[in-house]
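See below for the structure under consideration.
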Amino acid sequence: MNQLTSETFDSNARASLKDVHLRGALKNLAATFGERRRTAIASVENWENLREKARAIKDETLLHLDQYLENFAENAERAGAKIHWARDGKEASQIVLNLIVERNASKVVKSKSMATEEIHLNRALEAAGINPVETDLGEWIIQLAEETPSHIVVPAIHKTKKQIADLFVEKVGIEPTDDVDVLTRTARNILRERFAEAEIGISGVNFGVAETGTILILENEGNARLTTSLPKTHIAVMGIEKIIPKFTDLDVFLKLLPRSGTGQRLTTYQSLITGTKRSVNGEGPEEVHIILMDNGRSRMLAHPVTRQSLACIRCGACLNACPVYGAVGGHAYGAVYPGPIGAVITPQLIGIGATKQLPYASSLCGACREVCPVKIDIPELLLHLRAEITDGEANGKKTDIPIKGKFAERFAFGVYGLAWKRAGIYKIGTKTARLMQKFVARDGKIGEVSGFLGKLAPPLGNWTAFRDAPVIAPKSFRDIWREELKNDLSTKDTKKMN
Amino acid sequence: MKVSLFITCLVDQLCPNVGVAAVEVLRRAGCEVIFDERQTCCGQPAFNTGYRKEARKFAERFIEIYEESEAEYIVSPSGSCTAMVKHFHELFPDDQNWRERCKKIAAKTYEFSSFLVNVLKIENLNAKFDGKLTWHDACHGLRDLNIRREPRKLLQNVEKAEFVELQGADVCCGFGGTFSVKFPEISAAILDNKIEAIEKSGADFVVSCDASCLMQIGGRLSRINSKVKPLHIAEILAAQE
């Protein structure tokens, strides 16, 4: 499997833009999910109020996260669950592996979980000879294809029906078909067998309720319900930001999450799990292990601007609304979390050095902020990260950003900072530009500037590769103002307002 | 009413006729228009690229110039540059004095169409323009300043003009400042959706409140020899015959 990385976002994106199937799928995603979301939120009275409430709950929780985590752990253990603390992904994966090995188990099923994607849990388990089976249909498809999810909520959105059918023919040996029912039935039959024999079920967590120690998992296929109830042992991997204080807070988040994510009023299944099964003949697993994972989150918590990144409830609405995601898809980001929220949290999770293109991969249009159910100001975060990159330091500490390669940009902005501060120098600058453009302008515009000249001035080359550029006007507004407008205070009667 | 014009560097250098039109419309609406020639740029390119130190210089200069002004309002033919003025205070996280000064100036700064409708309470400028128009919502005007109704109202009241709504009018055109040259292919892909919608609308003119979006959209329209022309809303409202 050839994995893309964030370091090459620009070339990944160029490749994605040439993928006709992907472009079609993405257009469809934006249209369908956008419309469904709009309809779904229209069914809620005072959506804005709900968003405010949700954000206030998240802000309060994050401010006292240590306390709420302790409450959660205490209450979950009282109900029979076992709590594990993991500083990073490696520790979390090791805990999962140890739990499996200690139980002499090898049959493992998984329900969809971004936290386990984030720490590459499957890779770690496979290295130890354990092959967990993804049971969410989308996740199972990409597991068969040996790919990574390209969307937080719909992981196989980049695949067409035909590609999936071909994959099933190749990997599970069905007869060629274009019948979606046949494909889903195939998956269902195979996965049912895996469930029946599973010894361990691994899941993520949507919300962890501090006052009861309950975890909540939302899904539509019933596979998470089976994963967390059939096997004897259930292991849940949970980022520490998933905590909410009270059970009644769920009322707010259950209205927001499904509507924002898939445009549903509610997901088909909501599994509320509080500890282990209650009696010998009761239902549910004998053992429940909850791994509370930091993995870079406390770093985000430390800064008042970046803290809001942890309010994210992973609904994916910002991906569906983002014009950049809509053009290039998830894989181009080269990271587990793509799209606007990915461009914000990936650099904070794995370091800004290898991800420094991501905060720039946005036109700052603000569509993400508009749809975010917890009102995360993603453009503000992107700008914050951009400033960290140019400052070469994060939270007062030097980052691993090489200064090399940024010199030209630094120089340009240095000159800009100098020249535009004073109108006099500004005028000399624009006069020079007016003179220079004579070399490239034709018919009052600048067409494609390629070759040597385009390389000499990359912004001009890059702009004119797709768009004509306007020329600097023979007379600037300030010249016209001084010469014609300033003293012409007459407002002609014929043109006057009634 | 005294209005100080913040012309923005794009209008000053690339499309001064937009500025001339804005002066014409504001005067017709009964304003006394003044223009401080010491003004340069709002610093948004630096701010959006992460150069906060440089951006601060522009903000300070802007504040100092307009603090001296006796005008009641500062009006700009750009949603994006107006939004930048509203963001100035973020550049001084630890300086309460500067934050207050920024907020004071920001409170009297308005985007052109919003100023006409929300401050002057004028929705009909007695403009006459023969053509089919459509409106592109510039992102910062729309999402930072909440300008949606105002320009539509103004355009719908233009005599002889026909207004059609653009499909996906509120979707970004792909400009995004330095984004357009850092990731030109992505910018162009986003732009192509916009161009497709514009051509489908049947409009002769695509109108907006930002010279930057119009440069992006117009640059592509020009490259593909489209019949549709980009125009700033001030140019439409200034037209009377």
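The values are calculated or read from the model by the stated rules, or taken from the named source; none is laboratory data. A quick note: this is a predicted structure, and the numbers were derived from the prediction, not measured. Virtual Cβ from ideal backbone geometry, glycine too; neighbours counted across all protein chains shown. Note: areas computed on protein heavy atoms with side chains; ligands, DNA, RNA excluded. Shrake-Rupley method; radii C 1.70, N 1.55, O 1.52, S 1.80 Å.
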Collect residues whose amide H, placed 1.01 Å from N in the peptide plane, falls under 5 Å from the amide H of residue B:240; neighbours closer than 5 in sequence don't count.
B:128
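Run the dipole for the stretch B:125-238 about the Cα centre, Lys and Arg Cβ at +1, Asp and Glu Cβ at -1, nothing else charged, and hand back the magnitude in debye, nearest 20. If you can, show how the numbers build up before the last one.
On the way: 15 positive and 15 negative charges, 13 e Å.
Dipole size: approximately 60 debye.
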By the 4.7 Å beta carbon criterion, which cysteine residues of chain A come out unpaired?
A:312, A:315, A:322, A:372
Shielding by other protein chains, A:375-382, mean Cβ within 10 Å:
1
Kindly provide the helix-only [θ] at 222 nm of chain A, computed as the sum of -39,500 (n - 2.57) over DSSP H runs of four or more divided by all residues, to the nearest 500 deg cm²/dmol?
-14500 deg cm²/dmol
Please give the charge dipole size of the stretch A:80-216, origin at the Cα centre, charges +1 on K and R Cβ atoms and -1 on D and E Cβ atoms. Round to the nearest 20 debye.
240 debye
Give, rounded to the nearest 20 debye, the magnitude of the charge dipole that the protein assembly as shown has about its Cα centre when Lys and Arg contribute +1 at Cβ and Asp and Glu contribute -1 at Cβ.
1400 debye
Taking Cα atoms, the helix A:423-436 axis meets the longest principal axis of chain A at an angle in degrees (rounded to 10) of 90 degrees
Rounded to the nearest Å, what's the spacing between the alpha carbon centres of the stretch A:415-482 and the stretch B:59-89? Just the number, please.
25 Å
So what J values fall out for the stretch A:19-28 if you push phi through Karplus, 6.51 cos²θ - 1.76 cosθ + 1.60 with θ = phi - 60°, rounded to Hz, Gly and Pro as x?
8, 4, 4, 4, 4, x, 4, 5, 4, 4
With Cβ to Cβ distances under 12 Å as the rule, what net charge do the other residues near residue B:162 carry (K, R +1; D, E -1)?
-2
Area of residue B:73 that stays accessible when all protein chains are in place (1.4 Å probe, Å², to 10)
50 Å²
From Cα pairs below 8 angstrom and at least 6 apart in sequence, can you work out the relative contact order of the stretch B:2-117, rounded to a whole percent?
30 percent
Relative contact order as a percentage, the stretch A:44-295, C-alpha pairs under 8 Å and 6+ apart, gives 29 percent
Carbon + sulfur, % of accessible area of chain B - ligands and nucleic acids excluded, 1.4 Å:
46 percent
To the nearest 10 degrees, the tilt of helix A:249-261 (Cα long axis) against the first principal axis of the alpha carbons of chain A is 60 degrees
Environment charge of residue A:210, counting only residues whose C-beta is closer than 12 Å and scoring Lys/Arg +1, Asp/Glu -1:
-4
Of the heavy-atom accessible surface of chain A (probe 1.4 angstrom), what whole percent is carbon and sulfur?
54 percent
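Taking the Cβ of residue A:295 as the center, what net charge do the other residues with Cβ under 14 Å away carry, scoring Lys and Arg +1 and Asp and Glu -1?
Local charge sum for residue A:295: -1.
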Give the distance, in whole Å, between the Cα centre of the stretch B:98-136 and the Cα centre of the stretch B:151-217.
18 Å
Within the stretch A:293-309, backbone nitrogen closer than 11 Å to the virtual label 7 Å beyond the Cα of residue A:88 toward Cβ
A:295-296
Over the heavy atoms of residue A:450, what accessible area does a 1.4 Å probe trace out, to the nearest 10 Å²?
80 Å²
Taking only protein heavy atoms and a 1.4 Å probe, what accessible area per residue, in Å², does the stretch B:86-241 have with all protein chains in place?
39 Å²
So what is the orientation-averaged projected area of the stretch A:424-485, using the convex hull of its C-alpha atoms, in nm²?
5.0 nm²
Would you mind giving the three semi-axes, in whole Å and largest first, of the ellipsoid equivalent to the stretch A:71-133 according to its Cα gyration tensor?
22, 14, 11
Give me the 1.4 Å probe accessible area per residue for the stretch A:47-127, excluding ligands and nucleic acids, in Å².
50 Å²
Once both axes come from the Cα atoms, what is the angle between helix A:378-391 and the longest principal axis of chain A, in degrees from 0 to 90, rounded to 10?
70 degrees
Principal axes of the stretch B:2-117: Cα extent on each, largest first, Å
43, 28, 25
Residue by residue, what Karplus-based ³J(HN,Hα) values in Hz, rounded to whole numbers, does the stretch B:98-112 have, using 6.51, -1.76 and 1.60 with θ = phi - 60° and x for Gly and Pro?
5, 4, 5, 4, 4, 5, 5, 5, 4, 5, 9, 9, 10, 6, 3
When ranked by the protection proxy of mean other Cβ atoms within 10 Å per residue, highest first, what sequence do the peptides A:174-181, A:435-442 form?
A:435-442, A:174-181
Members of the stretch B:142-158 that become less accessible by 50 Å² or more once partner protein chains are added (1.4 angstrom probe, chain alone as reference):
B:143
For q values of 0.10, 0.14 Å⁻¹, compute log₁₀ I(q)/I(0) with the Debye formula on a Cα-only model of chain B, without solvent.
-0.45, -0.89
Take a quick pass over the stretch B:125-238 and tell me how many lysine pairs come in under 20 angstrom between Cα atoms, counting only ones 8 or more apart or on separate chains.
16
What value does the stretch B:149-241 have for Rg/Rh, both radii from Cα atoms and Rh as Kirkwood defines it?
0.97
Output needed for the stretch A:234-286: three equivalent-ellipsoid semi-axes, defined as square roots of 5 times the C-alpha gyration tensor eigenvalues, in descending order, whole Å.
25, 15, 11
Long-range amide H partners of residue A:291, meaning residues 5 or more apart or on another chain whose placed amide H is closer than 5 Å, are A:84, A:236, A:237, A:238
Give the accessible area for residue A:298 in Å² (nearest 10); use a 1.4 Å probe, count only protein heavy atoms, and leave out ligands, DNA and RNA.
60 Å²
Determine the distance separating the Cα centre of the stretch A:246-266 from the Cα centre of the stretch A:145-207; give it in Å without decimals.
26 Å
Using helices alone, what [θ] at 222 nm do you get for chain B, with -39,500 (n - 2.57) per DSSP H run of 4 or more residues, divided over all residues and rounded to the nearest 500?
-13500 deg cm²/dmol
Find the all-direction average of the projected area of the Cα convex hull for the protein assembly as shown, expressing the result in square nanometres with one decimal place.
33.6 nm²
Loss of accessible area when A meets B, both sides summed, Å² nearest 100, probe 1.4 Å:
6200 Å²
